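For reference, the structure discussed in these notes is given below.
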Amino acid sequence: MSDRPAGLPAGIRRLTVPTPFAVGPVNAYLIDGPPLTLVDGGPNLASSLTELERLLRDAGRRVEELELLVVTHHHMDHVGLTGAIAERSGAEVAFLGAARRLVEDYAAEAERDDAFAAALMRRHGVEASVVKALEATAARMRWFGAPAAVDRPLADGATLEIGERRLRVLHRPGHSVADVVLHDADAKLLIAGDHLLGRISSNALVARALDQPAGGPERARPLLDYRRSLRATRELDVDLVLGGHGPAFGDHRALIDRRLADQERRATRILAMLRDGPASAHAIAASIWGEVAITQAYLTLSEVLGHLDLLEDEGLVRETARDGVVLFEHVGRGG
Ligand SMILES: [Zn+2]
């Protein structure tokens, strides 16, 4: 994909806000209004807020002047500062209406997510002691997020008018259940959050399904959702994509084709690993990533489960269970 040295369209600035996460800095986009708009903001950290303030000053603006905060999804690096900025500026907060509880009731929802993740890891073969350690880590990490009141619940297909721009809000579940992208059809511009990134392939994290607010065992099938979302985005007329991390890029169709093909290749590889008999998703992750399947158990489990969902959807794999652990077997290969 080509970065555009010429930079972003007039009236849009990329503010690169530091995060303590492996992904590196997160992009916040300042869009001239009215309403003066910030898309995403950074994690709930004093150092991130200080840097965001400095970047706004460089752009000749102050936090207090912001009028609208659009949050692309509820992950900590994007939503964390929203509440604090809204409080200081009085800006309205816009977020996918169907998922507003994830932001408004952030702490309780994050706790439910963590409990869901722990149960999922145990069911898919991660050792109890590892799950316990990861639960403690997750509880410490929670503070990088914070709640915010949603003033403008967004519906899929809604339009935001910002200055001369008309941005259509499109729900694109996959990376999270709540991802939205903003499409400016006239400018052929897409603000994509983490739905589509130029330099990193977005992971499709397993999460509670949106219609399971109580935190039952039902999980979303994130990779299947994500592939549908990618195909929908592929249809959009877009010249330039502004993602949640990294520089802007073009040629979104070639990139999406590559992402889809990579997923299919990985699914084929996982299917081959089931030739010798059924295995748990965690055992598969361990043979792909070794030690990382333990330190990053949830991420790697999500990755494997997503691809197993894909294989199951194609009738190539089915689930069985042994001693309370879910095993996947290659259909027609016995086991
Ligand atoms: Zn992110």
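With equal scatterers on the alpha carbons only and no solvent term, can you work out the Debye log10 of I(q)/I(0) for the range 237-292 at 0.12, 0.29 1/Å? At q = 0.12, 0.29 Å⁻¹ the computed log10 ratios are -0.49, -1.14. Scaled against the 2.2 N^0.38 Å expected of a compact globular protein of N residues, the Cα radius of gyration of the range 240-335 reads 1.27. Against the empirical 2.2 N^0.38 Å scaling, what ratio does the C-alpha Rg of the chain come to? Normalised Rg, Cα atoms only: 1.01.
Projected label points at R322 and A128, each 7 Å from Cα along the beta carbon direction, are separated by 2.0 nanometres.
Quick one: length gained pulling D105 to A10 fully straight, 0.36 nm per residue minus the C-alpha distance?
Taking 0.36 nm per residue and subtracting the Cα distance, the gain is 30.6 nm.
Note on E161 and E87: with the Förster distance fixed at 25 Å, the Cβ-Cβ geometry gives a FRET efficiency of about 0.50. Helix content alone sets the calculated 222 nm mean residue ellipticity of the chain: runs of n ≥ 4 DSSP H residues at -39500 (n - 2.57) each, divided across all residues, give -11500 deg cm²/dmol.
Neighbour counts of C-beta atoms inside 10 Å place V150, V304 in the sequence V150, V304, starting with the fewest.
Each value in this text was obtained by applying a stated rule to the coordinates, not by laboratory testing. Only a predicted model underlies this, so the values are computations on that prediction, with no experimental measurement involved. Positions of Cβ are generated from backbone atoms using ideal geometry, with glycine treated the same way; all protein chains shown enter the neighbour counts.
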